[in-house]
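Only one structure is covered here, and it is reproduced in the block below.
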Amino acid sequence: MRAVTDTAIVTHRNIRHLVRTPQLLVFATIQPVMFTLLFVYVFGGAIRTPGLEYVNYLLPGILTQTTLFGGTATAVGLAQDLNEGMIDRFRSLPMARSAVLAGRTLADAIRNVFVIGLIVGVGTAVGFRFHGSVGGALAAFGIALLFGYAFSWVFAVVALIVRQVEGAQVASLLIVFPLVFASSAFVPVASMPGWLQVFTRHQPVSVTVGSVRALTQGTSAGTLPLTSVAWSLGILALAAPLAVTLYRRL
Amino acid sequence: MAATPAVEALGLVKHYGAVRALDGVDLSVEEGTVLGLLGPNGAGKTTLVRIIATLLVPDAGTARVAGHDVRSEARAVRAAIGLAGQFAAVDALLSGRENLVLVGRLYGLSARQAALRAESLLERLGLADAADRLVRGYSGGMRRRLDLGASLVGRPSVLILDEPTTGLDPRTRIELWEIVEGLVRDGTTVLLTTQYLEEADRLAGRIVLIDNGLTIAEGTPDELKERLGADVIDARLRHVDQGEIALAALASLATLSPPGGPAPTWHAEGRRLRIPSAGGAATLLETLRALDAAGIEIEDISLHRPSLEDVFLTLTGRGAGDA
Ligand SMILES: Nc1ncnc2c1ncn2[C@@H]1O[C@H](COP(=O)(O)OP(=O)(O)OP(=O)(O)O)[C@@H](O)[C@H]1O
Ligand SMILES: [Mg+2]
């Protein structure tokens, strides 16, 4: 019970931070918006996506990528709290041990909800349309959010190891970039060299993008959604206990 | 039967890689008293404080706070202590009030209780006017006061302050001393580290002097001062390379201090010669003659009662602020 209350208190504090640093939210959304526009208008013409208009192909990729980038906010926020002594303050209080990390990742997931809404808005303006059911669309958002949330814990681990703001941010992006670009987020896997396809097809970003794409476009999703959820839960099951252990040993 | 001490540490050892930050320190603070932990930069004060506040696990040794072991009963220790670390740990993006309410809520207070507690602490720390401004805009002194407030939210029985007045102006420092004195009157035990000997002299009933991770002296301020014996002559030389010559010149003066007593010491950083002087003004005169005869140029010389600073310099061979 204590863990739940304390997590809510810390989440509330982190949400206040988000509200009070709107510039961070702006920067967090400019990047995916820019990507959307660049890919739709600059590269889109050159990329063949059979059976789907490119903007409908792209937006699920952008959404997934954005939740992942949103997760890196966890690394930055945590490293900041470490450097400003807030973590020492929290650790000297008789509060639940998991609450600082849970409150951080939860706040970043809530932030991702807003960013997803914004991206869908921008996407709609440049021609993105839902072709599936409402339930499918909601399931797609849920899958993307869960994916970002699981990675938030990975980035929490990164921050607890690196313990320094810039370093934690760079290290997180080093994890994000290969996963996002060597995936089906922006271009079909079939256009890549054969040796790369093996990785690209099965890695969690592709699986998640594939699920979001199928669920928002009303095409057959097959086992993709389940596989994506399994990835997210697997990553959570590894990263969350590791992060809590590192936090305790700080 | 003596009561269990509020804080008790035995044989604490902590390494950071090759650095031995603590090399077997014992410490005991009686309930309701103030212990001043004194030591130069890098002595191990913060390391010791962090172990007692459960933030750091020692490599060896044990520590108990309010009867609870810092390792196996960390949570009970946390419920008993209030910590104001060496650097203010306050949230810049929250207001002063929000900071204290946050801490109160995490101590398990209801929203209402936390708000009342925050209000009374803001009042007490002179932050009432700034209570609803973001801490981002607070001065360094205001942050420290808020940090102290955060450490008081849980009504700690043991208050741990790591250099609480470093960087404060003299007036704010005295205000903070008065707050601490008030808490002690109400029965709070205080463990305080400081580089200001005046602060230790005023607040602490007992002082533990540490250097290089080792306890080098311990006692009441008066006991420590007495160890230096009588008056001290403090001379500043013009040339740093004359220190050793001066010591040699003084070695032959029998009246300086009783045999076996403390000897003159030389501190190159401040070009200072410290001469324990049993004979008061007569020794001063002799000293001046001896130094003059040896061709030593003196910039400044004075005779005074030993202060804690003298204790500090004599025992650590360094000034409190020197690295
Ligand atoms: N995180 C760390 N990693 C490596 N070495 C450390 C770390 N923290 C402290 N040390 C080293 O341990 C020793 C004791 O440091 P500590 O901070 O306890 O000293 P201190 O007495 O608080 O000094 P100051 O008066 O400067 O605050 C120093 O030599 C310091 O360099
Ligand atoms: Mg220190």
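Values in this text are rule-based calculations from the coordinates and carry no lab data. Note that the structure is predicted; figures quoted are calculated from it, not measured. Note: ideal-geometry Cβ built from the backbone for every residue, glycine included; neighbour counts use all protein chains shown.
List of remarks:
- Modelled spin-label separation between residue B:134 and residue A:170, with each label point placed 7 Å from Cα along the Cα-to-Cβ direction: 2.8 nm.
- Loop-located trypsin sites (Lys or Arg not before Pro) in the range B:104-164 (DSSP state not H, G, I, E or B) with no more than 16 neighbouring Cβ atoms inside 10 Å: B:133.
- Build a GNM of chain A with springs between Cα atoms under 10 Å apart, and of A:215, A:52, A:118 the one that fluctuates most is A:52.
- Across the range B:229-305, the relative contact order, built from alpha-carbon pairs under 8 Å that are at least six residues apart, equals 50 percent.
- With eigenvalues of the C-alpha gyration tensor scaled by 5 and rooted, the protein assembly as shown, Å: 62, 26, 20
- Backbone geometry of the range A:168-174 corresponds, through the Karplus equation with coefficients 6.51, -1.76 and 1.60 at θ = phi - 60°, to 3J(HN,Hα) couplings of 5, 5, 4, 4, 5, 5, 5 Hz, x marking Gly and Pro.
- Within the protein assembly as shown: Cβ-based charge dipole about Cα centre, in debye rounded to nearest 20 (Lys, Arg +1; Asp, Glu -1): 2840
- Label-to-label distance for residue B:302 and residue B:166 is 2.6 nm, based on points extended 7 Å past Cα in the beta-carbon direction.
- Trypsin sites (Lys or Arg not before Pro) lying in DSSP loop within the range A:26-131, provided at most 15 other Cβ fall within 10 Å: A:48, A:129
- Loop-resident trypsin sites (Lys or Arg not before Pro) (DSSP state other than H, G, I, E or B) in the range B:201-250 with no more than 11 further Cβ atoms inside 10 Å of their Cβ: B:238.
- Distant-in-sequence amide contacts of residue B:210, defined by a placed amide H-H separation under 5 Å and a gap of 5 or more residues or a different chain, comprise B:38, B:39, B:216.
- Estimated distance in nm for a label pair at residue B:216 and residue A:113, the labels positioned 7 Å out from Cα along Cα-to-Cβ: 5.9
- This ranking places A:29, A:245 by how few other beta-carbon atoms lie within 10 Å of each, fewest first, which gives A:245, A:29.
- The length gained on full extension between residue B:268 and residue B:202, counted as 0.36 nm times the residue separation minus their Cα-Cα distance, comes to 20.9 nm.
- Cα gyration tensor category, rounded, prolate or oblate, for the range A:1-42 with a/c compared to 1.5: oblate
- Lys, Arg +1 and Asp, Glu -1 on Cβ, resulting dipole of chain B about Cα centre, debye, nearest 20: 1100
- In this Cβ point-charge picture (+1 for Lys and Arg, -1 for Asp and Glu), the range A:2-248 has a dipole of about 320 debye about its Cα centre.
- Within the protein assembly as shown, DSSP assigns beta bridges of which about 65% are antiparallel (rounded to the nearest 5).
- Selected from A:22, A:94, A:204 as most flexible by GNM, with chain A as the system and alpha-carbon contacts under 10 Å: A:94
- Mean Cα-pair separation over length for chain B, i.e. relative contact order, pairs under 8 Å, 6 or more apart, %: 20
- For chain B, the 222 nm mean residue ellipticity estimated from helices alone, with every DSSP H stretch of n ≥ 4 adding -39500 (n - 2.57) and the total spread over all residues, rounds to -10500 deg cm²/dmol.
- Within a Gaussian network of chain A (alpha carbon springs, distance under 10 Å), most fluctuating of A:145, A:18, A:106: A:18
- Rounded to 10°, Cα long-axis angle of helix B:170-185 versus longest principal axis of chain B: 70
- Counting every other Cβ atom within 10 Å of each residue's Cβ, A:184, A:98, B:110 order from fewest to most as B:110, A:98, A:184.
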